[in-house]
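These notes are about the structure you will find just below.
What follows draws every value from the coordinates through simple rules; no lab data is involved. Everything numeric here is computed off the predicted structure, so don't read it as measured data. Glycine gets a Cβ as well: all are built from the backbone with ideal geometry, and neighbour counts include every protein chain shown.
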Amino acid sequence: MKLIAWLLDLIYPPKCTFCGKLLQKDETDLCGQCRRTLPEVNGAIKRGENFRQCWSVYYYEDFVVDSIHRFKFTGMQQYAQVYGRLIAMMLLRNKVSFDILTWVPISKNRRRKRGYEQAYLIAKTVAQELGRDCVPTLKKVRDNPPQSVQKSAANRRGNVLNAYQAVHPERFSGKRVLLIDDIITTGATLGECSKTLRMAGAEQVECATLAVTQYSDKK
């Protein structure tokens, strides 16, 4: 196995998940520069409805934007392992407690086009790092347009209205749920998912993402 790993590193030398530079021998996942300079979030974000708060690792700026775009739109699904490790470390540092770990699903049509479900891949790594199970609790029942094309918080809320359905509510009824996604903007998607979970019996929903935007909506 060490020989295979050495050959893979020789053919595909490891690069920083964010800036894309070649990693030095003593670096893992991120280069030293990105570890020092990426815009970290200090504390939980109070944004959106139906969930308690959202814990995010970085602000959605600079190399964080580039990395997430590659992850979602150019097939770099291996980034999920790095994102998951970063989220898991953040949750441990902040002593975030929960009973059930789950994720924000995408529609069957979008999953077929993309080839993978990005939030599930992240959530699976978070669960592995924390020694927990990754439990399906939601399915997307409406293939709505992407949230990124919606220009206001109101439009984003309307775009995801009734887009999700709870599955196996007996798994999370009366329990504290941790909901994983890649990014939070207005909180509309996480809010709609959280509403669905709470209406199906979840006691509380806490959210965690890799990134959060500096979003400001003029009402």
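Could you calculate the FRET efficiency of Gln204 with Lys46 from 1/(1 + (r/R0)^6), where r is the beta carbon distance between them and R0 is 25 Å, rounded to 0.05?
That gives a FRET efficiency of 0.95.
Summed over qualifying helices (DSSP H, 4 residues or more, each -39500 (n - 2.57)) and divided by its residue number, the chain shows a 222 nm mean residue ellipticity of -11500 deg cm²/dmol. Taking amide hydrogens as placed 1.01 Å from N in the peptide plane, the amide H of Leu178 sits under 5 Å from those of Asp99, Ile100, Leu101, Thr102, Glu206, each at least 5 positions away in sequence or on another chain. A dipole drawn for the stretch 39-212 from +1 and -1 charges on Cβ atoms has a positive end, and of Ala88, Gln118, Ile68 the residue lying farthest that way is Gln118. Both radii are taken from the alpha-carbon atoms of the stretch 39-212; with Rh as the Kirkwood radius, Rg/Rh is 0.92. Maximal additional length on extending the Met76-Leu161 stretch stands at 27.6 nm, based on 0.36 nm per residue less the C-alpha distance.
Amide hydrogen proximity for Gly187: with H placed 1.01 Å from N in the peptide plane, no residue at 5 or more positions away or on another chain lies under 5 Å. Backbone geometry of the stretch 45-61 corresponds, through the Karplus equation with coefficients 6.51, -1.76 and 1.60 at θ = phi - 60°, to 3J(HN,Hα) couplings of 9, 9, 8, x, 10, 6, 10, 5, 5, 10, 9, 10, 7, 10, 6, 7, 9 Hz, x marking Gly and Pro. Counted over the chain, the DSSP beta bridges are approximately 25% antiparallel.
Ordering of 118-128, 193-203 by packing is 118-128, 193-203, highest average first (other Cβ atoms within 10 Å, averaged per residue). Amide H contacts of Val167 (H built 1.01 Å from N, in plane; Pro and chain starts excluded): Leu138, Lys139 sit under 5 Å, all sequence-distant by 5 or more or on other chains. With the charge dipole of the stretch 39-212 set up from +1 on Lys and Arg Cβ and -1 on Asp and Glu Cβ about the Cα centre, the Cα lying farthest toward the positive end among the listed residues Phe98, Tyr59, Val141 is that of Val141.
Note on Arg176/Gln214: beta-carbon distance plugged into 1/(1 + (r/R0)^6) with R0 of 41 Å gives a FRET efficiency of 0.90. Here the stretch 39-212 is treated with +1 on each Lys and Arg Cβ and -1 on each Asp and Glu Cβ, and its dipole about the Cα centre works out to around 500 debye.
GNM remark for the chain: springs join alpha carbons under 10 Å apart, and the peak mean-square fluctuation among Leu178, Leu23, Leu91 falls on Leu23. Computed from backbone phi with θ = phi - 60° and the Karplus coefficients 6.51, -1.76 and 1.60, the 3J(HN,Hα) list for the stretch 184-201 is 10, 10, 8, x, 5, 5, 4, x, 5, 4, 5, 4, 4, 5, 5, 5, 8, x Hz; x is used for glycine and proline. A Förster distance of 41 Å, applied to the separation of the beta-carbon atoms of Gln53 and Lys15, puts the FRET efficiency at 0.80.
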